[in-house]
1. Among residues other than V169 whose Cβ falls under 13 Å from its Cβ, what is the net charge (Lys/Arg +1, Asp/Glu -1)?
2. Using a cut-off of 15 Å between beta-carbons, work out the net charge of the residues near Q51 (Lys and Arg +1, Asp and Glu -1, Q51 not included).
3. Could you give the size of the charge dipole of region 1-138 about its Cα centre, using +1 on the Cβ of each K and R and -1 on the Cβ of each D and E, expressed in debye and rounded to the nearest 20?
4. So what is the calculated 222 nm ellipticity per residue for the chain, using -39500 (n - 2.57) for each DSSP H run with n of 4 or more, over all residues, to the nearest 500 deg cm²/dmol?
5. Considering only DSSP states other than H, G, I, E and B, which trypsin sites (Lys or Arg not before Pro) in region 104-203 qualify as loop sites with at most 13 other Cβ atoms within 10 Å?
6. For region 30-85, state which trypsin sites (Lys or Arg not before Pro) are in a DSSP loop and have at most 14 other beta carbons lying within 10 Å of their beta carbon.
7. Assigning unit charges at the beta carbon (Lys, Arg +1; Asp, Glu -1) and nothing else, what dipole magnitude in debye, to the nearest 20, does region 25-99 show about its Cα centre?
8. In 5 Å bins starting at zero, report the fraction of Cα pairs in region 7-126 per bin as a rounded %.
Amino acid sequence: FSSSDVTVVFVLGGPGSGKGTQSAHLVKDYGFTHLSAGDLLRAEQNRPGSQYGDLIRSYIRDGKIVPMEITVALLSNAMADALAHRSSQPSGASKPRFLIDGFPRKLDQAVFFEDTVCKSEFTLFLNCPEDVMEKRLLKRGETSGRDDDNAESIRKRFRVFVETSMPVVDAFRKQGKVVSVEATGEVDEVYAHIKEAIAVKDI
Ligand code: UP5
Ligand code: MG
């Protein structure tokens, strides 16, 4: 994909910072196609006949980052699918826009994706302290059925986020490509901050 044909915005932030929740709002107001790397991996994990099911399950439970070949293939297939659907519709004139949530989680993934799939326009970073995120995830864990919404997996996810994924945000920040938003308040309050912060962006 060429960034002259599609717009890619990454949504990054710690586990439970609200990436999925806020992406849903952005889809409604800006017509983004939302692609959650974690959701795509969970779908692949549960797809009958997938050769990666067991691998993905064990990586996610341990909060480890799944080898990027798998994740990037899932993402670029989902982008191609969305574009194929779109071209059969009498679409508007604007470029297709993708919100890619929870990816890239490692520096080499960021470089690989931008070199081989598409350059990102910017990264929306949801900044949230661990105690707030932990509370949200434990609460969700009461009903989510997610293998990684338990105290031990959450601890591992936080560590991987700090050690491995924050460097991605820092690298994009050095390129002047990060919009950072405080993600601690109520959902609507955080969303209002996001809208304000991205108003200056050409999307
Ligand atoms: N909630 C949200 N916002 C709130 C607010 N403002 N106030 C109060 N509550 C709020 O929100 C989490 C919970 O908090 C929900 O119950 C929500 O209602 C509430 P959500 O919007 O789901 O937050 P999100 O940041 O999306 O949290 P998520 O748990 O999805 O983050 P993770 O980054 O941990 O999960 P993800 O699915 O992206 O990845 C899971 C695993 O997949 C990774 O650990 C890794 O093992 C693997 N993975 C890869 O290997 N590679 C990838 O590229 C991606 C994932
Ligand atoms: Mg999510």
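Every read-out reported here was derived from the displayed coordinates using simple, explicitly stated rules and does not represent laboratory data. Computed from a predicted model, the values in this text were never measured in an experiment. Positions of Cβ are backbone-derived with ideal geometry, glycine not excepted, and every protein chain shown enters the neighbour counts.
1. Details: positive: K19, R105, K106, R173, K174, K177; negative: E163, D170.
So the environment of V169 carries a net charge of +4.
2. Counting the neighbours of Q51, the net charge comes to -1.
3. Working: 15 positive and 16 negative charges, 58 e Å.
Charge dipole of region 1-138: 280 debye, to the nearest 20.
4. -15500 deg cm²/dmol
5. Numbers: sites: R105, K106, K119, K135, R136, K139, R140, R146, R155, K156, R157, R159, R173, K174, K177, K195, K201; in loops: R105, K106, K119, R146, K177, K201.
Answer by residue number: K201.
6. Sites meeting the loop and neighbour criteria: K64.
7. Charge dipole of region 25-99: 160 debye, to the nearest 20.
8. 2, 10, 21, 23, 21, 14, 6, 2, 0
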